[in-house]
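*Asks:* My questions all concern the structure below.
Just so you know, all these numbers are worked out from the coordinates, no wet-lab data involved. As the structure is a prediction and not an experimental result, all values here were calculated from the model. No Cβ is skipped: glycine too gets one built from the backbone with ideal geometry, and neighbour counts run over all protein chains shown.
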Amino acid sequence: MDGTHAPATTRSPYRVYWITWVILLVVTVTMLLAESLHMPRWFLIAFLLAFMMVKATMIGGNFMHLRYEKRNLAVMVAAGILVTSLILFFFIRPEARYVLEHSSH
C-alpha cells in the first residue's frame, strides 16, 4: 500500500428521491398543460391515464421501495391499486355523468 486512496464519491442518499420528485413535477405540469392543447377528448384521457400510471409506478417503485422487493409483492400492490381505481371509477362515474348532464353551461 502506498498510502493513496481513490477519491470517495459523495453522493447524497436522497439523490434518487430528488430526481424522482423533479420527474414527477415535470409530468404533473405536463398533465396540467395538456388541457390547453385542445387535443381530442379521447386522446387527452388516454394521455392523462398513461401519465398517471407512470407516476404511480415511480411513486411505488421509489418512495414505497417496491423496486427492491420480490416481484410478487409489487404485483400484489399494483393489482390492489388497479382494483381500487376501478371500484372508485365505477362508483363515481354515474354521479359525474349526472352532474355533467345537469350543469348549466
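*Asks:* Give the Rg/Rh ratio for the chain, taking Rg as the radius of gyration of the Cα atoms and Rh as the Kirkwood radius, to two decimals.
*Replies:* 1.19
*Asks:* I need the calculated FRET efficiency for the pair Val77 and Val27, taking r as the beta carbon distance and R₀ as 25 Å, to the nearest 0.05.
*Replies:* 0.80
*Asks:* Taking only Cα atoms, what is the 0 to 90° angle, nearest 10, from helix 15-34's long axis to the longest principal axis of the chain?
*Replies:* So the helix axis and the longest Cα principal axis differ by about 20 degrees.
*Asks:* In debye, nearest 20, what is the charge dipole magnitude of the chain about its Cα centre with +1 on Lys and Arg Cβ and -1 on Asp and Glu Cβ, if you could check?
*Replies:* My answer is approximately 180 debye.
*Asks:* Any chance you could give the angle, 0 to 90 degrees and rounded to 10, that helix 71-102 forms with the longest Cα principal axis of the chain?
*Replies:* The angle comes out at about 30 degrees.
*Asks:* I want to verify a result. In a Gaussian network model of the chain, Cα cutoff 10 Å, which of these has the top mean-square fluctuation: Arg15, Arg67, Arg93?
*Replies:* Arg93
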